[in-house]
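The values are calculated or read from the model by the stated rules, or taken from the named source; none is laboratory data. As the structure is a computational prediction, the values presented were derived from the model and not from experiment. Each accessible area value is taken on the protein alone, full model and side chains, heavy atoms only, with ligands, DNA and RNA left out. Shrake-Rupley method; radii C 1.70, N 1.55, O 1.52, S 1.80 Å.
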Amino acid sequence: MEKDRIKQAYLDFVLNEGHPPASVFKLTQQLGGSEAEFYQHYPNFEAIDREIWADFGKQARTAAASEPVWEGYGSREKLLAFYYTLLEILKQNRSYALMSLRRSLHRMPGLSPRVLDDFRQDFERFVADLLTDGRVSGEIANRPLVQDGYPRFFWQQVLFVLGFFAKDDSVNFERTDAAVEKAVTLSFDLVGRNTLDSAVDFVRFLVRR
């Protein structure tokens, strides 16, 4: 059995039944294959869920970066473009997204859903690269003592966006779009140069005298 065929069959089952198959045997029997063939690609159904979410993130980054205006964007605009593209993908897959998140949240309340583990790793690398570019351009303040923690800070922003999207009942999820813009604006105000940075520079200047 091909890996993509297994993943699509699993996704179709979850969407139609509202829950994962009872066993790997049940799914592979439906596909006319064997359990051994399934395990050549995935250790369990949770691995498929993690891969599907990682796919959402990769598709969003690829689609956003393919736009002609991408290269002219600063770090803030690139993150916004990623979020808006991701939301379009999630709108097309909202039923699956909510079902998979709720299953994981139920098991680990208050923590990042395990289903997002692979997505999180890819996102943190992506945002780390954006912030590095931002420091080079001057869009992001250079703060050696805290900047290594920024990717984890932005991951909390992702969880906020996903939570907002899950509860949004506005037409075409317009409130989520607005929430994304406000969240990204605030985060870049915090990591960009601000009054505190100016004050620190001034104190350093006085100390050097």
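Observations
- Residues of the stretch 46-208: accessible area per residue with a 1.4 Å probe, Å²: 55
- Percentage relative contact order, the stretch 46-152, counting C-alpha pairs under 8 Å, at least six apart: 36
- Listed cross-link partners 58/78; 58/91; 26/167; 3/78 are compared with a 25 Å cut-off, the Cα-Cα value being larger for 26/167; 3/78.
- All Cα pairs of the chain, percent lying beyond 29 Å: 37
- Surface composition of the stretch 105-173: carbon plus sulfur atoms contribute 56% of the solvent-accessible area (1.4 Å probe, protein chains only, all chains present).
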